[in-house]
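Let me begin by presenting the structure, written as structure tokens, before commenting on it.
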Amino acid sequence: ATAMTRLREEICRIAKAEIGVEEIDGTNTGERVNEYKAATNLPSKASWPWCSAFVCWVVREAMKAAKVKETNTFKRPTTAGAWDFERWSLAQDESTNTKKPAGTDIQAGDIVVFTFSHIGIALTSPDKGGNVVTAEGNTDQAGSREGGGVFKKVRHVGKIRSRIRFTV
């Protein structure tokens, strides 16, 4: 398998292992949540929405596991903004591919940016009904973008603004 195939597999494995992590009492903080936030360029102990931090942390850990290194032209994401992931991806070399709108072109291991300023990781391709299973931080059973934990969700492709794929 290529390094990026391994990377996508590790992204899914690591994201799934985090499902069930919860913040402390709606504070947007907590020991594990602060670890996610430390993978971004914002202060890790401050209270702020952490869906993007979860993705940054998963990508960082998956890069270690798959032995994918940063280069002069490829840096891991450190943004705390969901929609800012598109700008990050477009600034990289051919190691990432951004498709907007994504339509049904989604695979396990893709980063999915939602239309409602939220982000997650695709664990599956869309089913016949256009639904994708995702792992998302800072959500809840209802699918809020301001929830209290890492949840496995089912999201329709119509709610996905773009997808970012590690390609090399």
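The values are calculated or read from the model by the stated rules, or taken from the named source; none is laboratory data. Source: prediction; values computed, not measured. Counting neighbours? That spans all protein chains shown, and the Cβs are built from the backbone with ideal geometry, glycine included. When the accessible area is computed, the model is the full protein with side chains, heavy atoms only, and any ligands, DNA or RNA have been set aside. Shrake-Rupley method; radii C 1.70, N 1.55, O 1.52, S 1.80 Å.
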**Asked** Can you tell which of V150, V112, V68 shows the greatest fluctuation in a Gaussian network model of the chain with Cα springs below 10 Å?
**Response** V68
**Prompt:** K99: which lysines have alpha carbons under 25 Å from its alpha carbon, excluding same-chain residues fewer than 8 sequence positions away?
**Reply:** K16, K69, K75, K128, K152, K153, K159
**Item:** Under the Karplus curve 6.51 cos²θ - 1.76 cosθ + 1.60, θ = phi - 60°, whole-Hz ³J(HN,Hα) for the stretch 125-136, x wherever Gly or Pro sits
**Value:** 7, x, 7, 4, x, x, 9, 10, 7, 10, 10, 9
**Asked** Rounded to a whole number of µm²/s, how large is the Stokes-Einstein D of the stretch 1-125 at 25 °C and 0.890 mPa s, given Rh as the Kirkwood radius over C-alpha pairs?
**Response** 165 µm²/s
**Asked** Among all the aspartates and glutamates, which ones have a C-alpha under 16 Å from K37's C-alpha, if same-chain residues fewer than 8 places away are not counted?
**Response** E18, E22, E23, E61, D84, E136, E146
**Fill in**
Within the stretch 73-168, DSSP-loop chymotrypsin sites (Phe, Trp or Tyr not before Pro) with at most 12 other C-beta atoms within 10 Å are F116
**CD proxy at 222 nm, helix term only [per DSSP H run n ≥ 4: -39500 (n - 2.57); per residue of the chain; nearest 500]** = -8500 deg cm²/dmol
**Message:** Just to confirm, what accessible area per residue do you get for the chain at 1.4 Å probe, in whole Å²?
**Reply:** 45 Å²
**Asked** Carbon and sulfur atoms: what percent of the 1.4 Å accessible area of the chain do they account for?
**Response** 51 percent
